[in-house]
Structure formats: C-alpha cells, structure tokens
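Right, one structure below, let's go through it.
A short reminder: the numbers here are calculations on the coordinates, not readings from a lab. Here the structure is a predicted model, which is why all the values come from computation and not from measurement. Counting neighbours? That spans all protein chains shown, and the Cβs are built from the backbone with ideal geometry, glycine included.
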Amino acid sequence: MNNWEIAHMFDEIADLLDILGENPYKARAYRRAAHKLGNAYLDVEELAEEGRLQEIPGIGSALEKKIEEYLKTGELKYLTQLRKKVPTSLRQLLLIPGIGVKTIQIIYQHLGITNLQDLEVAARKKLLRELPGIGVKTEQAIMRGLEVHVLRRRRMLLHHAFAIAGEIESHIKDKLPGLARLQIAGSLRRGKETVGDLDFIAAADNPSPVVDAFTTAPFVNDVVAAGEVKATIMTKWGVQADLLVVKPEFIANALQHFTGSKEHNIALRGIAREQGFKISEHGIHCDGQVTAPATEEELYRQLGMSYIPPELREGRGEIEAAQSGVLPNPLEVDDIKGDLHVHSEWSDGVNTLEELAQSARERGYRYLAVTDHSRSLYVASGLTEERVLKQCKEIRHLNKGFTDFHLLAGIEVEILPDGSLDFEDELLAEMDIVIASVHSGFNQDRETITRRVISALQNEHVDIIGHPTGRLLGRRDPYDIDVDVLLEVAAETGTALEINASPDRLDLNDEYVHQGKELGVRFAVNTDAHDVYYLDDMRYGVLQARRGWAERNDIINTLTFEQLSDWLQRN
DNA sequence: GCCGTTTTCGGCCCGACTGTTTTCAGTCG
C-alpha cells in the first residue's frame, strides 16, 4: 500500500504547485506519476529494491529519489516545505466544479479563504462577485458547485474499496493464522458502485485477539470505538472500517445481516415474522429455540426461498422472485468470452495490437475488439479514415496467425453534437464492430442530447452505444439524456448498450440495466481499457450486470465468436 | 519534472465554451 500513500503525496504536491502558480508541467508530472502509482498493479517497494523505479513511465531520477526518500524515512521534505508556503486545505477547493487554480489564487489572496466553509460563507455574503475576474454568474456557479460537492464526497470507487479491504483482510489473516473466517460484508460485498465504509465479519470463539489485531493495525489512524466483539476504526486512507466478531456457528447469520441492504433485511425480517421466525445476526429464533444455519444458502432456504446473491439484495423485488423461484441466474465472470471495447496505441491507449491480443488470450478470451477513437476526438489522438483503414488491414493480417482467437477491427466513433457520426457509413460498413459514444457537448438539453444519441442508435452500422450516460463517478454527472427513451429505442433497433466496467464509469448503472433487461435490451460488458492491466476491470462490470439482474443471455460478449459474428451481421 | 531527440534543451493533447471582458482568461475534457 505504499503505492497509494506516495500517490496521495504526489497528488498533494501537484495541487500545491498549481496553487502556487509554479510550472504547470511540473505539477502535471507529479500528477501523472501519482496516477501511475495508484493503479495498484505495481509495487513501488519491490521496484525500489530492484532499482527499477525509473521503468515506470513518468518516474525519472527526481521522483525516484523522492520515492526512495519516503520509503526510507517515511517523509517527503519537499512536501513539508510546500505545506509551509500555502495552506494545504486550499486543495479542497479544487474539488468544486467550476473552480480552478486561478480562482483559488484570487479568493485566497483577496479574501484569505482557505477552506470550503469559508468559501461558502463568502459566496452567501456575495463577496466573491466583487473580486477581479469573478462576476455574479461565476459566484452562482460556485454556489451550485458547492452543493454538488457536498452530495458526492466521502464515497470510494469500487477498485479502491476492494484494494483497501484486501489490505485490511490480509493484515488480520497474517496476524491470526488460526482465524476460522474473515469476510467482507456491506455494500462492497453487494458490489455497489461506490462504497462508504467497509464492513468485516470474523468468526472466532475468542473475539479479543481479532479486535486487537484490527484496532492496533499499522494502518489505523484512530480507534473510533472498540468493545468486546465490535470495533470501528478510521484508517490512514481516510476510510472507516467496522468489524464484528461472532461465534463460528453464527457466521452465516452475521454475514447475511451485515451484507444488507437495509431494505432487503427489513423485507426479509417481515417474511420471517409472517412465518413465526425472528432473524438477527445471532441466528433464527423460533418459540424460544435458536437455530443457526451453516450457510447463507441454508438460511434463505429455511425462510422458504432460493439463495439470493449479495448483488441482488437491494430490496428491488428479489425476495418475491426468490420465493417463487424466478430469480435470475446472474452473469458470471467466466461467462465472458471477450472484451468489445479497448484502445490501442493507435489512439490514446498504450499497447500494440499484438500486446492486446496476447493479454486477451491470456485471460482465456476468444475475441477482442480494438475500438480506437475517431478523428474528431483530438485530445485522444482520434484516427483519421486513412489510419482506420490501415489499422483494419493490420488486424486482418494479425488474425491469420490465430487459430482459436479473433481480433475484431472496430472503432469508437464520435456521436457529434448534431447527432451525426464522425465517419461516413461507407467506412463504418468496413468495420467488424462499431461503438458510438459521446465525448463532447455534455451540456446539451435533454431533448437535444436524447435525440442525438437516438440517431446514433438508429444508424444500421452502430452495434453498441458506449458508456451511454457519460457519467464519471464522483466527478461528472451523467448528461441529461432520457434513459427511458434510450432503452426503448435500443430494444427496438437491437443495438446493444454498454455496461462500461471501468470503476470510474460503471455506465449504464445497475438500475438501468435492470430496466433495460425487462424491455429485452442486449448489453455488452466492456472494460474500455487503455492499458492491458485494465482488462481486469471486467469483474466490476460483471458485478454491475449482476446487480442489474442480467443473465448470460442478456450479454452479447458471452456469445461464441461465431454467434457474435452472426449477431453483428444481423444488427 | 519527464522525455526524446534534428540528443542535454524545449516541448509537454488542443479546441470549445463561458464569463468577464473589450480582446482574453479560466476551466473542462
């Protein structure tokens, strides 16, 4: 976990450099390095020991020295110095949409504002509009930005939550090799798109060593509460974690209880009461007798229903479905036969076509669609028509070398603000697969942007709509598209909608997937990977698909290559 | 601060949009 600590510090350095008005490229270098380190697929400590830190792109000699300094001393002098020059709390203001470093400099210099609370007070007092370069509209935009920010804060993205939970889990298991069971519960176990805090359930006859291991771990910043069987800590990652220790015979009940959701549990308790039971984390009570099912499967069976996977426990009708035995058989990671949305070095990805094919084959995939950006997306080095055709040719050539695997020549074509596509139909007809996506003009009104995406859906060459609502979790709201209409038209045209597996997106979200499935919409679970490491994000997409009750038959990339080819021809 | 090179400096994704201006700065993606 040194990766993240260093990544956090580099991010802080970058922000402070920006606020101080230093060379923006220097700040960008720190930010890039932080991003690279944050991806958890590297271990800085290991690389440092081997003297290979500079092999990480974005780490040069200066940053290598800083990483080594931190690993050795636990401190970064450079950051300490920066913190003396400018209040680090100013960084908070960067989180407000509409505020950048220049605005921060102005309000800091003129009003001495250093945090969100002071900013809000100043905005309410209408002091901001008096500052140079800021008018009434900007002041109002800042007010709105503050409201949005409050709603968003303090929830983790799934990959962060899994990584931190894994860290905590392995620490306790290392400390207590005899521990019968330790399991993640809560919203993380349900695969919710963002996670507030982490819940752990442990099974042990003697709870105190488990609680001790938890509360005295090196990552604990603060012990919020600690009793005989329960504890709450604040970690140094700024994430709260709860632990409950139960007797081994009650593990299934405890796990069920603390997995939630609240709505699911309330409904479940209602059912139990109707049947003369009372359920809690301490077993099933009936006529003064307490029974403890050994597994969750048995628990649900005792309540007269089939097992409900955690991802479905949201109080959205799963209990009724489980009682009448019509619960879906949710999609599994192993059902996925290929990824239909990845980028190569031809646009803004980092890998060659060969590397992509190799990585896909290592994951047991039967096919992989290379879908680089189209020409209008300059920022991502979108491909010109000539480049697209050249790439197609190269892909066709590579395919000759495979017997049990296929690269599909695809494109992620821009849906332009007027609803037209970035390439002519003649070119799109050449492609094996076409994803159409929105990457610009997010602020169009509901009618305009809905019409815009619908016209892409209706293009006969478009197979999939990429990240259909355009949201970035915690950073950007979805554009104002009418998803109900989108789902209806997708069902009509047979165009698939993407379930983008990137933990930043998870777009479409679970509820829309559920809604679409009812209408007969097909989906594609894709990673949108720009680097082969991110092909592993597939599991987050599968979680969301499961949460949307999607089964294998709802997902086009569970098809065999031959079936997929048929589907692409027909649609 | 990184990195590649017409190789030890000079560029670093570039254009749209908005608001505050009066010709441009700031923010965003």
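What the table shows:
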| quantity | calculated |
| --- | --- |
| Förster-model FRET efficiency, 22 Å R0, A:GLN563 and A:THR352, C-beta, rounded to 0.05 | 0.20 |
| Region A:164-302, relative contact order [Cα under 8 Å, separation at least 6], % | 20 |
| Percentage relative contact order, chain A, counting C-alpha pairs under 8 Å, at least six apart | 9 |
| Nearest-0.05 FRET efficiency for A:VAL333 and A:LYS236, computed from C-beta distance (R0 30 Å) | 0.45 |
| Binned Cα-Cα distance frequencies in chain A - 10 Å width, integer % | 3, 15, 22, 25, 21, 11, 2, 0 |
| Cβ crowding within 10 Å averaged over residues, with A:539-551, A:18-30 ranked highest first | A:539-551, A:18-30 |
| Diffusion coefficient, µm² s⁻¹, Stokes-Einstein with Kirkwood Rh over alpha-carbon pairs of region A:2-152 at 25 °C and 0.890 mPa s | 146 |
| Distance in nm between pseudo-label sites at A:ALA62 and A:GLU50 (7 Å out along the Cβ direction from Cα) | 2.7 |
| Of A:GLN105, A:PRO132, A:TYR30, farthest towards positive along the dipole that unit charges on Lys, Arg, Asp, Glu beta carbons give region A:2-152 | A:PRO132 |
| Residue-span extension gain [A:ARG570 to A:ASN221] - 0.36 nm each, minus C-alpha spacing | 119.9 nm |
| Relative contact order for region A:261-324, counting Cα pairs under 8 Å that sit 6 or more residues apart, in percent | 31 |
| Percent breakdown of C-alpha pair distances by 10 Å bin, ordered from the shortest bin, for region A:439-490 | 24, 58, 18, 1 |
| Magnitude of the charge dipole, chain A, Cβ model with Lys/Arg +1 and Asp/Glu -1, debye to 20 | 2040 |
| Binned Cα-Cα distances of region A:333-568, short to long, each 5 Å bin given as a whole percent | 1, 7, 16, 20, 22, 18, 11, 4, 1, 0 |
| Distance in nm between pseudo-label sites at A:VAL290 and A:GLU169 (7 Å out along the Cβ direction from Cα) | 2.8 |
| Fraction of antiparallel bridges per DSSP, chain A only, in percent to nearest 5 | 45 |
| Approximate spin-label separation A:LEU389-A:ASP480, in nm, with each point projected 7 Å along Cα-to-Cβ | 4.1 |
| Pairs of alpha carbons in region A:384-445 whose separation is greater than 16 Å (percent) | 51 |
| Residues in region A:479-523 reached by a label modelled at A:LEU472 [backbone nitrogen below 15 Å; 7 Å Cα→Cβ] | A:479, A:502-507 |
| Descending Cα extents along the principal axes, region A:261-324, whole Å | 32, 21, 21 |
| Shape of region A:9-97, Cα gyration tensor, a/c cut at 1.5 | prolate |
| Per DSSP, loop GluC sites (Glu not before Pro) in region A:220-263 with at most 14 further Cβ within 10 Å | A:GLU228 |
| Region A:304-432: radius of gyration over Cα atoms, expressed as a fraction of 2.2 N^0.38 Å | 1.43 |
| Reciprocal of mean inverse Cα separation for region A:229-368 (Kirkwood radius, Å) | 18.5 |
| Extension gain (nm, one decimal) between A:SER324 and A:ARG446, 0.36 nm per residue minus Cα-Cα | 40.0 nm |
| Size of electric dipole in region A:298-384: Cβ of Lys, Arg +1 and of Asp, Glu -1, about Cα centre, debye, nearest 20 | 180 |
| Computed lengthening from A:GLU69 to A:ARG552, 0.36 nm per intervening residue step minus Cα-Cα distance | 168.9 nm |
| Computed [θ] at 222 nm, deg cm²/dmol, chain A (DSSP H ≥ 4; -39,500 (n - 2.57); rounded to nearest 500) | -13000 deg cm²/dmol |
| Region A:157-246: Cα Rg divided by the 2.2 N^0.38 Å rule of thumb | 0.99 |
